[in-house]
Amino acid sequence: MILYTCFVLAVAASLGAFVIGTVLGWSSPTMTMLENGTAVSFEVSSMAAATACSLFGVGAVIGAVPAGAVSSVFGRRVSLIVSEAHVVFGWLMIAFPKAARMLYVGRILQGVGCGAMCTIIPMYVGEIAEPEIRGFLGGLYQLFVVAGILYSYVLGNFLNYTQLNLACGVWMVIHILGLLYMPESPYFLIQENKKVSAEEALARLRDADHDCKAELVEIQKFVEEEQKNSYTAREVLEKDVNRRALTIGIGCMFFQQTTGINAIIFYMKHVFEISGSDISPELCTTIVGTIQVVMTFVSMMITDKFGRRSLMVYSMTSMGLCLLALSYYFFSKKYNPHVAQTLDWLPLVTIVLYISMFSIGCGPIPYIIIGEIFSSELKSMGTGMSIATNWILVWLVTCLAEPMDKFIGPSGTFFVYSGFCFMGMLFVVNCVPETKNRSLAVIQSDLEKN
């Protein structure tokens, strides 16, 4: 019953991640539509189409930075509703544009809303879940992101531009209805000194036989301990434990994106087109998207069993090896075409394995970690800075993908990404603690000791 109740409410919050996934996956099928003139009534150059896709990252940074602070003032639930409003206006501008600038503004608005939701959803789920199932529920975020990406990939194969936008936009309505059902975070209510409301919210999150009063006392003790003094941002960062937690959160997000995942997702059809494979790019993207959903679900099943840290190490090491193999293929294609012809199966296999390994570790686990390691005084700032780092790098990596492809070729590009995978593995080994099956208070205590 505990699992069921928390699961339903975590789903209500995490549906925003499905919306984010549809926005991320939108780029792959619509790039061709925009460039060949079948999407809109005005001409869109390849540069303008690429700019529209990448501006999403700019908006996401704008939304992510203040989202933690906003949610600390207005609550997680209200903040998520406001975030979705930005996405609503963004989809309307993209679905019915009159000029390229409407595509730009629409993508920025989508980014603002999605960037804010990226900050708030892991925070909310981390606060409502019990330690034993926090990893599972935290994995819902990434599962819904990749499910949304697959949704855009599949529908983009047979819907026209306007139909695709409307089919993606309907999920905003579903998410908003879910937000109206979910309770506010008990941690936020205790911070606002609303003890009765906090107890009512906790009762909705737990089984009838659960000792809510004892858990509420623990939450109140934790919050009071964190809030007994008023801290400025400088004072918060003067504490070793907060600097360590911030380094972990930002570091995990940095290496998640510098592995090149969003460059591959945004331009996957292009990658398969230049690979020369006999399999159609549309089929390849659908296969990869399906594998990503399946493996993310597998990650949810094993995160609380094997732990966050070990899965991250395994994930990043395997991703690095996959990218090295892909780099070798494109190197052979350029300098030894006869060898490359015998390896035309390699791009699909390596990308499927790369996406699979990303989905069980490097994809979902950073979001679980940032929902666990920040103290109350650092949570808003730390979560916002971590998510902002993530989206800055989404924009930077996707913007640099085309210039890197031009100047160092696909072989060099994938080689660089593989290097970041191995550096990320070393970062996790040396800096990231294990947090499975530990309460938020125990995690803070462990960070202070170490």
Selection count where residues are buried (at least 19 other Cβ atoms within 10 Å of the Cβ), more than 17 Å from the chain's Cα centre (by Cα) and touching a residue at least 60 places away in the same chain (Cβ under 8 Å), scope the range 35-55: 3
Any hit, the range 98-109, residues being assigned to a helix (DSSP H, G or I), open to solvent by less than 30 Å² (accessible area, probe 1.4 Å), hydroxyl-bearing (Ser, Thr, Tyr) and at negative phi: no
Whichever residue in the range 326-340 is surrounded by fewer than 21 Cβ atoms within 10 Å (Cβ to Cβ) and in contact (Cβ under 8 Å) with a residue 12 or more places away in the chain and, among such residues, is nearest to the chain's Cα centre (by Cα): TYR328
Qualifying residues in the range 66-81 (those that are aliphatic (A, V, I, L, M) and surrounded by 17 or more Cβ atoms within 10 Å (Cβ to Cβ)) - the one nearest to ALA39 (Cα to Cα): LEU80
Of residues in the range 423-434 being open to solvent by 60 Å² or more (accessible area, probe 1.4 Å) and either at pLDDT 95 or above or not in a helix (DSSP H, G or I) (or both), the one farthest from MET312 (Cα to Cα): MET423
Criterion: surrounded by fewer than 24 Cβ atoms within 10 Å (Cβ to Cβ) and among the hydrophobic types (A, V, I, L, M, F, W, C) - qualifying residue of VAL58, VAL125: VAL58
Odd one out for ILE248, checked against (1) open to solvent by 20 Å² or more (accessible area, probe 1.4 Å); (2) among the β-branched types (Val, Ile, Thr); (3) under 23 Å from the mean Cα position of the chain (by Cα): (1)
Extreme residue, modelled with the highest pLDDT, among residues of the range 187-210 that are open to solvent by 90 Å² or more (accessible area, probe 1.4 Å) and more than 17 Å from SER376 (Cβ to Cβ): VAL196
Considering residues of the range 151-168 that are open to solvent by 10 Å² or more (accessible area, probe 1.4 Å), out of contact with any Gly (no Cβ under 8 Å at 6 or more places or on another chain) and assigned to a helix (DSSP H, G or I) only, the residue nearest to ALA17 (Cα to Cα): ALA167
Output for the range 354-380, where each listed residue is closer than 11 Å to GLN444 by Cβ, open to solvent by less than 10 Å² (accessible area, probe 1.4 Å) and not charged (D, E, K, R): ILE373, PHE374, SER375, LEU378
Set GLY139, GLY148: member being modelled with pLDDT under 90, in a helix (DSSP H, G or I) and among the small types (Gly, Ala, Ser): GLY139
Which numbered condition LEU323 fails, given (1) surrounded by fewer than 23 Cβ atoms within 10 Å (Cβ to Cβ); (2) more than 20 Å from ILE121 (Cβ to Cβ); (3) touching a residue at least 24 places away in the same chain (Cβ under 8 Å); (4) of a type outside the set (Val, Ile, Thr): (1)
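The values are calculated or read from the model by the stated rules, or taken from the named source; none is laboratory data. Just so you know, these numbers come straight off a predicted model, no measurement behind them. All Cβ positions, glycine included, derive from the backbone under ideal geometry; neighbour counts span all protein chains shown. Keep in mind that these areas ignore ligands, DNA and RNA; they rest on the heavy atoms of the full protein, side chains included. Shrake-Rupley method; radii C 1.70, N 1.55, O 1.52, S 1.80 Å.
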